[in-house]
């Protein structure tokens, strides 16, 4: 994935830049990153902030883990809890 594609995704998610240069997703919104290199896939879940620097994607999770990935290995991003989406409720029914 190229930086322009990731920028469009972050804009759609309404991410805001912080003082460290991270694009932080709004409260209640997380992303799942799908990366693949040499036929081996990796899924990084519960990402709440990202930063692209020197061809590397720095991804911070809600557990404060940091993953550093080649931006070119990223092929998909799933957004969870985006603005305007109905909230998921615990239990059964609507």
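Values in this text are rule-based calculations from the coordinates and carry no lab data. Note that the coordinates shown come from a computational prediction; the quantities given were computed from them, not determined experimentally. In this analysis, Cβ positions are derived from the backbone assuming ideal geometry, glycine residues included, and neighbour counts consider all displayed protein chains.
Just checking, how many residues over region 1-31 are assigned to a strand (DSSP E or B) and under 13 Å from residue 81 (Cα atoms)?
So the count comes out to 2.
Please verify whether residue 12 is closer than 12 Å to residue 79 by Cα and surrounded by fewer than 17 Cβ atoms within 10 Å (Cβ to Cβ), treating the condition exactly as stated.
Taking the combined requirement at face value, the residue satisfies it.
Of the conditions (1) touching a strand residue (DSSP E or B) at 6+ places or on another chain (Cβ under 6 Å); (2) closer than 17 Å to residue 11 by Cα, residue 44 satisfies every one except a single condition; which number is it?
(2)
Within region 33-74, count every residue that is in contact (Cβ under 8 Å) with a residue 24 or more places away in the chain and exposed (fewer than 11 other Cβ atoms within 10 Å of the Cβ).
Of the residues in that region, 1 qualify.
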